[in-house]
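Below: the structure, in structure tokens.
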């Protein structure tokens, strides 16, 4: 009976918090890439539906790729540097916001209005960093900084470049890089852990 309870708890922990399968990476990357791509092709109405894609990626991936490997997965308990990573990412993003405001500040500058996209990136970075803290996944802090930098730099360059929407291009590139990282993590996960067939007692 105890083994059944432990197996169910292990499944719950892996389903909710295990990030070794790269599914959270793919979800973040798809949202970022899809956001930029849909706006670039002038389909802003579809952005609201975009949230279904990472949810399906998460649910189907966990169900068909992660859970069949429950018996061979050894949850990593050694990530004690998560708060250090979270703090470093918050400091880096905060310094970035401060520098953005200092460089862009002027007598007639409305920072909130003129840099709303960068602030949006800052909020997204906070959410991604909080997710990294919750899931004890340090690489999410890098994704947070990448998303913020893409949106902040893209917004700044957009004001001087008229031939292409640099902001959307930067967001798409950031999303593509995160998707690529997620695919690499997922492939490593699939190679590391074989599918385990086990029968649960009822």
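Listed highest first by mean packing, meaning other Cβ atoms within 10 Å per residue, what order do 170-179, 153-162, 44-53, 131-140 come in? Walk me through the numbers on the way to the answer.
Details: 170-179: 21.2, 153-162: 15.2, 44-53: 11.5, 131-140: 19.5.
Highest-to-lowest ranking by the protection proxy: 170-179, 131-140, 153-162, 44-53.
Taking 7 Å along the Cα-to-C-beta vector as the label spot, tell me the residue 191-residue 126 distance in nanometres, rounded to one decimal.
That separation, rounded to one decimal, is 3.9 nm.
Rounded to the nearest 0.05, what FRET efficiency is calculated for residue 116 and residue 45 with R0 set to 25 Å and r the Cβ-Cβ distance?
Values: r = 20 Å, r/R0 = 0.81.
Computed FRET efficiency for residue 116 and residue 45 comes out at 0.80.
Would you mind ranking 141, 64 so that the residue whose beta carbon has the fewest other beta carbons within 10 Å leads the list?
Values: 141 25, 64 9.
The most exposed by this proxy come first: 64, 141.
Computed from the coordinates by the stated procedures, all read-outs in this text should not be read as laboratory data. Values in this document were obtained by computation on a predicted structure and should not be read as measured data. Cβ: placed from backbone, ideal geometry, glycine included. Neighbour counts: every protein chain shown.
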